[in-house]
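Colleague: Pasting a structure here, questions to come.
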Amino acid sequence: MCGIVGYIGKENEISTLFYGLKKLEYRGYDSSGLAFFNGKNFKCVKSVGNMDRLKTKLNLSEKFSCGIGHTRWATNGAVILENTHPVISQSGEWILIHNGIIENAEELKQRYKIETLGNTDSEIVANLLEKKIAGSSLEKIRDVCSELKGSWAFLILNRNEENRIYIAKRKSPIYFCDSESGKLISSDPICFPSKEYFSMYDNNIGFIEKDKIAVYDANLKLISPKKYIFKNKEELGNKGKYEHFMLKEIKETPERINKICEKYTEDYLEKIFKKNILSSVKFIKIIGCGSAYHSGLMGAYYFRKNLRIESEAYLASEYKSSRQVINKDDLFIFVSQSGETADTIECLKMVRRRGAKTIVLTNVLESSMAKLSSVVLPIYAGPEIAVASTKAYSCQVAVFYILTKYFKKLLGEEIDFEKEKDKLLVAAEKISDLNEEEIQNISICCEKVFFLGKGKDYITSLEASLKFKEITYINSQCCPIGELKHGSLAVIDDCSKSLIFLSSKKLGKKVLNGVHEITSRKGKVLVISAFQGLVKTSDKVESYFLNCRGLSSETMPLVFTVFAQYLAYFNCIARNLNPDQPRNLAKSVTVE
Ligand code: F6R
């Protein structure tokens, strides 16, 4: 995924383009670049590394009136200057930035004998434009797009047309808006000063000038762009008093859970669903990626336990290729913080084509996924800027919890819906009470870490392990504790530390067997337990008591998860790393 900005309008300082792009740094930060007309000349400035490196190459007060910018998260070609966008065609005529992936780029490169400086699919497209001799620029862009397979949001400049930015879209998000000084384009409307903005449909192309916006379909028929109103604009994040977005966002979890409880009344759910969505449902299938998949696992656990309806969570990146059977009586729930994750979107489109019922559970109501489903459940996490998902994960779990109770009522069970929701509020309080100082002192200094658990604690361990590895870069694996003896014990030794989550007393005995298996291979263990005195400590075994008194067993995972988020955060800080921008990751992954 990459961040894209464009501006055309009154003369402005290049700092406006730079800082517009900076807001999108969460979408990728391994290299960045700007291309612009400064009144006299065309300029292209690029740098590998984060945007601070680009800043040193720019004169921020330099004037420009038309420009585009890109911040990259490399998916196609290494992180080198030649692969950094904007990419420029051989003669210098076409300048292009791209978010997405061109699946047949290599094939086109061979067919048209294209030579490139770097090895990105995007540079092949810029050069393909140059190969087109006939027609206007718009026709050339249309012709090139018709030959491409994959996904794209392109902003394109032609060296000879300094008053126009060309734009093309398929599957990847791109938006534009009219501001006082000019027209802005971006891959995320958070960059826009206005609440009102526009988007194009897939396979549309167009151009934006100072006083004109023109959008066309693939037959070059003029069409109206789609208008949106940004609902969450006021909530847009800044770090406030915190050093990192991640810490701020973890700390926002309790207030967000409160918000969910306030919003999710029975009336509210009835309005969203309109009719009994569970009628004739035999299987609930939840699809997501990464943390969203993990929250889906928790959702499926809640559903099985409370509804006795078969429920499973699936990884979106695997779902399409694993020959899954889709039945008419399946209910699909798609989970995504951003609503823009390409693998999840593709599954959603496929499932909709097959006519199954769909629900989208997302944080971004303006997202592509939200637009694809008639039933959308907001998670009310507020903007999540740090790359590693924290509060959004917890909010997804909280919404799954409430949905379970609502579904239970739909199935005719007598439950006090409001009382069930109150249990979430208690969990929110426990999260606020977590002792940060104590967690900060749990330093994990070893070669490899194992996160282990059983049942719902295994789900928490999956999320804990992902969070830990993605920001500390320590090799971390997750394993159901009962599965250790089927192979994974082989890599337990005195260079490993196993963190075991224990929220159920019933499972205590089985978990303690696991502890024994690990320590007899010289592995060190830390048991994070909701019960005092259950674990016998020794030189190899430590224990941390997580106060979950008064919590229902279903809401305990929320407290364990936030504990794990703090643990990852503090260990990341101790290693002098930036938790907001972990390496090789981006906030939403818009390529399959
Ligand atoms: C992990 C993380 C990722 C995302 C995943 C899905 O901390 O942030 O694993 O959860 O890329 O993203 P969304 O939820 O936007 O679909």
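Colleague: Can you tell me which residue is nearest to residue 439 (Cα to Cα) among those in the range 514-553 that are free of Cβ contacts under 8 Å to residues at least 24 places away in the same chain and in a helix (DSSP H, G or I)?
Modeller: Looking at residues that are free of Cβ contacts under 8 Å to residues at least 24 places away in the same chain and in a helix (DSSP H, G or I), I get 519.
Colleague: A follow-up question, please. Restricting to the range 355-378, give me the number of residues that are assigned to a loop (DSSP other than H, G, I, E, B) and either more than 10 Å from the ligand (Cβ to nearest atom) or among the charged types (D, E, K, R) (or both).
Modeller: Of the residues in that region, 7 qualify.
Colleague: Let me ask something else. Filter the range 120-177 down to residues that are of a type in the set (A, V, I, L, M, F, W, C), touching a residue at least 40 places away in the same chain (Cβ under 8 Å) and part of a loop (DSSP other than H, G, I, E, B), then give me how many there are.
Modeller: Going through the range 120-177 one residue at a time, the tally reaches 2.
Colleague: In the range 177-194, which residue that is under 22 Å from residue 150 (Cα atoms) and not β-branched (Val, Ile, Thr) is most open to solvent (accessible area, probe 1.4 Å)?
Modeller: 188
Colleague: Which of (1) over 28 Å from the mean Cα position of the chain (by Cα); (2) more than 26 Å from residue 222 (Cβ to Cβ); (3) assigned to a loop (DSSP other than H, G, I, E, B); (4) not acidic (Asp, Glu) does residue 78 not meet, given it meets every other one?
Modeller: (1)
Colleague: Additional query: For residue 459, only one of the following conditions fails: (1) open to solvent by less than 30 Å² (accessible area, probe 1.4 Å); (2) modelled with pLDDT of 90 or more; (3) more than 16 Å from the ligand (Cβ to nearest atom). What is its number?
Modeller: It fails just one condition, (3).
Colleague: Residue pairs, Cβ under 7 Å, 6 or more apart or interchain, first in the range 36-51 and closer than 11 Å to residue 159 by Cα, second open to solvent by 40 Å² or more (accessible area, probe 1.4 Å). List them.
Modeller: If the second residue must be open to solvent by 40 Å² or more (accessible area, probe 1.4 Å), the pairs left are 36/43; 37/162; 42/159.
Colleague: Could you list all residues from the range 114-138 that are crowded, with 20+ Cβ neighbours inside 10 Å, within 22 Å of residue 216 (Cβ to Cβ) and over 28 Å from the mean Cα position of the chain (by Cα)?
Modeller: Selection gives 126, 128, 129.
Colleague: Separate question: Mind checking which pairs have a first residue in the range 467-479 that is on the phi > 0 side of the Ramachandran plot and a second that is of a type in the set (A, V, I, L, M) and not in a helix (DSSP H, G or I), Cβ under 9 Å, 6 or more apart or different chains?
Modeller: 473/577
Colleague: Moving to a separate point now. Listed residues 545, 468, 451; which is among the aromatic types (Phe, Trp, Tyr), surrounded by 15 or more Cβ atoms within 10 Å (Cβ to Cβ) and away from the ligand (no atom under 16 Å from the Cβ)?
Modeller: 545
Colleague: I would also like to ask the following. Scanning the range 483-498 for residues that are small (Gly, Ala, Ser) and open to solvent by less than 30 Å² (accessible area, probe 1.4 Å), which turns out nearest to residue 527 (Cα to Cα)?
Modeller: The first filter runs over the range 483-498 and keeps only residues small (Gly, Ala, Ser), leaving 487-488, 490, 496, 498.
Of the ones still in play, those that are also open to solvent by less than 30 Å² (accessible area, probe 1.4 Å) are 496, 498.
Working: 496: 14, 498: 8 Å.
Ranking the candidates gives 498 first.
Colleague: Now for a different question. Six or more apart or on different chains, Cβ under 6 Å: which pairs go from a residue in the range 494-513 that's at negative phi to one that's assigned to a loop (DSSP other than H, G, I, E, B) and small (Gly, Ala, Ser)? Could you list them?
Modeller: 496/523; 498/523; 503/530
Colleague: Which residues, taken from the range 278-308, are surrounded by 16 or more Cβ atoms within 10 Å (Cβ to Cβ), more than 16 Å from the ligand (Cβ to nearest atom) and in contact (Cβ under 8 Å) with a residue 60 or more places away in the chain?
Modeller: 278, 281, 301, 302, 303, 306, 307 - these are the residues of the range 278-308 that are surrounded by 16 or more Cβ atoms within 10 Å (Cβ to Cβ), more than 16 Å from the ligand (Cβ to nearest atom) and in contact (Cβ under 8 Å) with a residue 60 or more places away in the chain.
Colleague: How many residues are acidic (Asp, Glu) and near the ligand (Cβ under 7 Å from one of its atoms) when one looks only at the range 330-352?
Modeller: Number of matching residues: 1.
Colleague: Let me ask you something else. For the range 443-456, how many residues meet the condition of being outside any strand (DSSP E or B) and over 16 Å from residue 299 (Cβ atoms)?
Modeller: Residues that pass the stated criteria total 6.
The values are calculated or read from the model by the stated rules, or taken from the named source; none is laboratory data. Only a predicted model underlies this, so the values are computations on that prediction, with no experimental measurement involved. Note that each Cβ is placed from the backbone with ideal geometry, even for glycine, and that neighbours are counted across all protein chains shown. The protein model used for the area step is the full one, side chains on, heavy atoms only, and it has no ligands, DNA or RNA in it. Shrake-Rupley method; radii C 1.70, N 1.55, O 1.52, S 1.80 Å.
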